[in-house]
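The values are calculated or read from the model by the stated rules, or taken from the named source; none is laboratory data. Bear in mind the structure is a predicted one, so any value in this text is a computation, not a measurement. Glycine also receives a Cβ, built like all others from the backbone with ideal geometry; neighbour counts cover every protein chain displayed. In case anyone asks, the SASA skips ligands and DNA or RNA and just uses the protein heavy atoms, side chains included. Shrake-Rupley method; radii C 1.70, N 1.55, O 1.52, S 1.80 Å.
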Amino acid sequence: MIRPARPEDADAVAPLLILGMGHIAGIFARSDNHADAIPFFRAFFLHPANQYSYVNTLVFETSAGIVGSINGYDGALLHALRQPVLDKLREADPTFDPNDETGPGEFYLDCINVHQEHQGKGIGSQLIRAICAHAGTLGHERAGLIVDMVNPAARRLYERLDFEVIGEKDFMGHRYFHMVRNL
């Protein structure tokens, strides 16, 4: 079942965010152990006004619990939603200033996460379809995301879901394809 996330989902969703964030989780945690970022993401998931908030998240729940999550938001709100996260990160590194991965004109799919034991079952595809449908009901005409150029399997998944590459972006030390889907 796919449903809107709730604050009480924090303990289940925070570790999932690490999966979707990859190397970025390590940057946020200032650690080679990405799991060190779990408290960071848990805190922001509980806070209603940022890009990683439960407010911007859908979860996939089975009898085993929450096995997947996806978060997305209006790209025009990136700077406002990112500011609390930047404020926290700048406590340790005042010069931290990532490029923008999205902007006005798209509903941005920020983190798509499926527990490793449940990957390959179509859960990620269902979450993407659900959040795209949600974005359409909010009046957005297109959804966007970035996919690491070294992850061709993810690119193929998004292409099967009608996303197409419209450009490239540098973000947090990696090169990404910028992909969009008309809603």
**Request:** Restricting attention to the range 134-165, report how many residues are within 20 Å of Gln51 (Cβ to Cβ) and of a type in the set (A, V, I, L, M).
**Result:** 7
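In this structure, does Phe60 turn out to be aromatic (Phe, Trp, Tyr), more than 25 Å from Gly136 (Cα to Cα), touching a helix residue (DSSP H, G or I) at 6+ places or on another chain (Cβ under 8 Å) and modelled with pLDDT of 90 or more?
Values: aromatic (Phe, Trp, Tyr): yes; more than 25 Å from Gly136 (Cα to Cα): no; touching a helix residue (DSSP H, G or I) at 6+ places or on another chain (Cβ under 8 Å): yes; modelled with pLDDT of 90 or more: yes.
No, not satisfied.
Being in a loop (DSSP other than H, G, I, E, B), touching a helix residue (DSSP H, G or I) at 6+ places or on another chain (Cβ under 6 Å) and open to solvent by 50 Å² or more (accessible area, probe 1.4 Å), is that true of even one residue in the range 148-160?
Looking only at the range 148-160, we keep the residues that are in a loop (DSSP other than H, G, I, E, B), and these are 149-151.
Filter again for touching a helix residue (DSSP H, G or I) at 6+ places or on another chain (Cβ under 6 Å), leaving none.
Scanning the range 148-160 turns up no residue that is in a loop (DSSP other than H, G, I, E, B), touching a helix residue (DSSP H, G or I) at 6+ places or on another chain (Cβ under 6 Å) and open to solvent by 50 Å² or more (accessible area, probe 1.4 Å).
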**Asked** Which residue out of Phe40, Phe44 is among the aromatic types (Phe, Trp, Tyr), closer than 24 Å to Gly144 by Cα and open to solvent by 20 Å² or more (accessible area, probe 1.4 Å)?
**Response** Phe44
**Prompt:** Quick one: how many residues across the range 47-74 are hydrophobic (A, V, I, L, M, F, W, C), open to solvent by 50 Å² or more (accessible area, probe 1.4 Å) and over 26 Å from Glu106 (Cβ atoms)?
**Reply:** 1
**Fill in**
Of the conditions (1) open to solvent by less than 20 Å² (accessible area, probe 1.4 Å); (2) within 25 Å of Lys121 (Cα to Cα), the single one that Leu86 does not satisfy is (2)
**Asked** Are there any pairs with C-beta distances below 8 angstrom linking a residue in the range 152-178 that is touching a residue at least 40 places away in the same chain (Cβ under 8 Å) and under 18 Å from Thr102 (Cβ atoms) to a residue that is in a helix (DSSP H, G or I) and aliphatic (A, V, I, L, M), with the two at least 6 apart or on different chains, and if so which?
**Response** Met172/Ile24; Met172/Ile27; Gly173/Ile27
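Name the single residue, out of those in the range 58-85 being among the small types (Gly, Ala, Ser) and part of a strand (DSSP E or B), that is nearest to the chain's Cα centre (by Cα).
Only one residue fits best here, namely Gly72.
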